[in-house]
Every structure is written in C-alpha cells, then in structure tokens.
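Taken together, the values in this text are just the output of simple stated rules run on the coordinates, not laboratory data. Note that this is a predicted model, so its numbers are computed, not measured. Because the Cβ atoms are built from the backbone with ideal geometry, glycine has one as well, and the counts that use them run over all protein chains shown.
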Amino acid sequence: MKDECGICGRVMRTTYMRQCQRCKKMFCRDCMTPDVATGDPMSMLCLHCARRIVSPRTVSKYAGLESHLKFRAAFTDLVTLKFARIDGLIGSNLPMAAYRDPLWWSNTSSSAHAKAWLDAGWEVQEVNLKEGTVTFKKVRTLPRKPKKKSLEITQPFTPVPVRPLRSSKKPSNTRVSKLYARIKNLERQRNMRQPIRGMKGKSQ
Ligand SMILES: [Zn+2]
Ligand SMILES: [Zn+2]
C-alpha cells in the first residue's frame, strides 16, 4: 500500500505514514510533529495543523460587522443595513450567495458570517434580497467589558521573581522556529520544482 503525503507530495509506503490528529489526513512522518499539547508521542499533527495551532487565524472576515453590531447595541435593538454598507464594514465583498440565497442569512453559528452577528448578540430578523437589505434584531445584551484598571500605583514596587532558564516545560521557541523553517523549506522546494520541470519540457 502506497499513498501520497499531503504536504511534501512524496509517494511512499503507508507504513511510513501517519494520520494527523486534527485534519485526519495522511502524511509522511517527516511532515509531522508530535502534538506537544497532549505529550503523547503517538499523537501526531501535520505541519499545516501545527502551524494553525501555533498561530491561529483569529480575525474573521466578518469581524467588522460584529463590532459594528456590538457598537449599535448600546443605542438600539433593530438595525437595518444595506448589503453595500456591510461590504464597507467588512472591507470586502459579500459573496454572491448573500445576494441570491436567503438561506445564507440563516442564524446558524456553523457559518463564519452568522457567527459574527450571533457572537455580537444579534440575529437576522428579515432579509430583503430585492432591496439588498438585512434587518438584525438584538437578542441578548453582552456583558460589559470590565473597565481597564487604572495605572495608579498603590503598592510599592516588587521585582518579578526571575525564573531559572531551564525549568520551562513549554514548547521551546527553538522548536517552533524549527517547524517554521521546515515549512518554509518545503514551500521553497515546491515553488522551485515547477519552473524547473517547465524548462526541461522546453529544451527536450
Ligand atoms: Zn511529507
Ligand atoms: Zn493536519
């Protein structure tokens, strides 16, 4: 049995391959790293998933809509927005589905866009595809963020205890940077491979 590694593209025996715990796809062992979060050496992550864990994408495309609704929540329970206005808020275009399919506006947290208004405490009440407008209704009030503590000095300065360097059990920065270096290398190799093939084709 042979299979292709999902990262480096090499075809090899499946005995040399492992399944990623996160995406469940098969990769060669060179393209995997043990999941340091579990400490189990048999629990492996592909480098793509490891990268996503190390630096997850935190800002959704619809973050602008979410913060707008959070802001409006202080003044009103009902907000009607033109689709073009939403484009402006998210700094991008709504997908065609938003213009064509009323189901796109369903209040299901499984979609990134609905999650944005649900997380803000709002639901879509009505959508008018003909007019290109959507009406959101506030369904819950979010707890107010605690005020930032003032920088008033109330206690005398006490130095932070210095931890000995070697006692840390966290994944080291060296490990993370090695991982990045390996991903970079693979990307470079892949980018190099294609033009070389093209050149050979021309000369032969
Ligand atoms: Zn591989
Ligand atoms: Zn994976």
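Assuming 0.36 nm per residue, please report the length gained on full extension of the stretch N128 to E4 beyond their Cα-Cα distance.
39.9 nm
Residues in region 117-132 near a label at L142, defined as backbone nitrogen under 12 Å from the 7 Å Cα→Cβ point?
117-122
Exceeding 18 Å between C-alpha atoms, which entries from my cross-link table qualify? They are K115/K137; K25/K184; K70/K137. Write down the numbers at each step before the final one.
Working: K115/K137 14 Å; K25/K184 21 Å; K70/K137 12 Å.
Checking Cα-Cα distances, K25/K184 exceed 18 Å.
Cut-off 17 Å, label point 7 angstrom out along Cα-to-Cβ of Y99: give me the residues of region 112-137 whose amide nitrogen falls inside.
128-134
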